[in-house]
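Here's the structure, in structure tokens; my notes come after.
The values are calculated or read from the model by the stated rules, or taken from the named source; none is laboratory data. Keep in mind that what you see is a predicted model, and the values were worked out from it rather than measured. Positions of Cβ are backbone-derived with ideal geometry, glycine not excepted, and every protein chain shown enters the neighbour counts. Just so you know, the surface numbers come from the protein's heavy atoms only, side chains and all, with ligands and any DNA or RNA stripped out. Shrake-Rupley method; radii C 1.70, N 1.55, O 1.52, S 1.80 Å.
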Amino acid sequence: MPPAAAQRKQPLILVSEDYDPDIWRSLEEEETEFQSWLAVAQDIWGRGSFLPGQAAAAREGAAGLTINKTMIVGAVGCSVGGLGQVATDTGAYIEVFEADPSLLKHQLGEPGPSGKFLKPAAWDPEKPELRAGRYHALMALRALSVSPDPVAATKAIAAAVKPAGRLFMDELYAPDPSVAALVAQGIAGPTHKVMLHPHAVVTETLEAEKLEPRAKVVVNEQIMSAIRAGLAQAVEIAQRLKAIPQPFRRQRMSAFADELQRAAVLHHAIEKGLVTALRTIHYKPQGL
């Protein structure tokens, strides 16, 4: 019989995919709260995606930045997902800066089929440095939502773009600080601290850094639609979760309920106009 450590090296089990139910018997340890969330999130939002609408954001970002394999491409944020297919489709290597240490560890230990194209590394929103002037194309995917200082984070992100390069930002914004705090608490993942900021602060900072706006799209309807699609998918996921053995069932069901609650809070906040989901593209002129 192989050692327990070797047995535990299996990929995370997604019940939304075709798998052997007997696989649970080979797992000798309970999952961590993070592992359960990671599996449940992908069951609901799709493999490689950890947030609603994430795969669409990555596709739109790649198209808006006209990413190709000759470019130096970067992505920065928290729970960054959806980039695997982009990298495979474009043949571009993407340097992915991840703010969640647990997710980074998982991605390094369990690379997917597109792993050869994705180069994960740590990013600290408290000290949001990136290499200045490196990227032809940079995607900031909910990076500001985990940054205590949106101005410092925006400056670091803007500085990382090469002259004549482009920046794509996918973000949630909330103008009212008290509402922002309440919504942020309601949508934060198990290992995350979310902070929502006013869009005006980011716009003013990018303008001060001489980046020119090229596109701005409100994606409220797209995010709410993605949430509703995920909730519809969740009905079948719930039935499959009920069929897995203990102690995994208890942990997965708890993570499942928490994820549905987060999705409901975000849908409500967007629907009521408390939060706005925006995707923007900015260009850095040659002279900078």
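The criterion of at least 1 residues that are touching a Gly at 6+ places or on another chain (Cβ under 7 Å) is met, among helices (runs of 4 or more DSSP H) falling completely within the stretch 198-288, by 220-242, 248-271.
Can you tell me which residue is farthest from VAL40 (Cα to Cα) among those in the stretch 262-287 that are in contact with a strand residue (DSSP E or B) (Cβ under 9 Å, 6 or more places away or on another chain) and open to solvent by 50 Å² or more (accessible area, probe 1.4 Å)? Out of the qualifying residues, it is GLY287.
One residue alone among ALA269, ALA200 is over 18 Å from the mean Cα position of the chain (by Cα) and farther than 17 Å from MET169 by Cα, and that residue is ALA269. Taking each residue of the stretch 111-125 that is of a type in the set (Phe, Trp, Tyr) and looking for partners that are loosely packed, with under 14 Cβ neighbours inside 10 Å and part of a loop (DSSP other than H, G, I, E, B) with beta-carbon atoms closer than 8 Å, six or more apart or interchain, yields PHE117/GLY91. Between ALA243, ALA208, ALA232, the distinction of being touching a residue at least 60 places away in the same chain (Cβ under 8 Å), open to solvent by less than 90 Å² (accessible area, probe 1.4 Å) and among the small types (Gly, Ala, Ser) belongs to ALA243 only.
Checked against the criterion of being closer than 17 Å to GLU95 by Cα, part of a helix (DSSP H, G or I) and touching a helix residue (DSSP H, G or I) at 6+ places or on another chain (Cβ under 8 Å), the stretch 25-39 contains not a single residue that satisfies it.
Per this entry, ARG262 is counted among residues that are charged (D, E, K, R), farther than 23 Å from TYR135 by Cβ and in contact with a helix residue (DSSP H, G or I) (Cβ under 9 Å, 6 or more places away or on another chain).
Quick grid of which residues meet (1) at pLDDT 95 or above; (2) under 15 Å from the mean Cα position of the chain (by Cα):
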position: ALA39; (1), (2): yes, yes
position: GLY48; (1), (2): no, yes
position: GLY64; (1), (2): yes, no
position: MET71; (1), (2): yes, no
position: THR88; (1), (2): no, no
position: ILE94; (1), (2): yes, yes
position: ALA122; (1), (2): yes, yes
position: VAL151; (1), (2): yes, no
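Show me the strands (runs of 3 or more DSSP E) found entirely inside the stretch 54-154 where at least 2 residues are open to solvent by less than 50 Å² (accessible area, probe 1.4 Å) and more than 22 Å from ALA215 (Cβ to Cβ).
Once the strands (runs of 3 or more DSSP E) in the stretch 54-154 are filtered for at least 2 residues that are open to solvent by less than 50 Å² (accessible area, probe 1.4 Å) and more than 22 Å from ALA215 (Cβ to Cβ), what remains is 94-98, 118-122.
Would a scan of the stretch 12-27 turn up a residue that is charged (D, E, K, R), farther than 17 Å from GLN233 by Cβ, surrounded by 18 or more Cβ atoms within 10 Å (Cβ to Cβ) and modelled with pLDDT under 95? No, the stretch 12-27 has no match at all.
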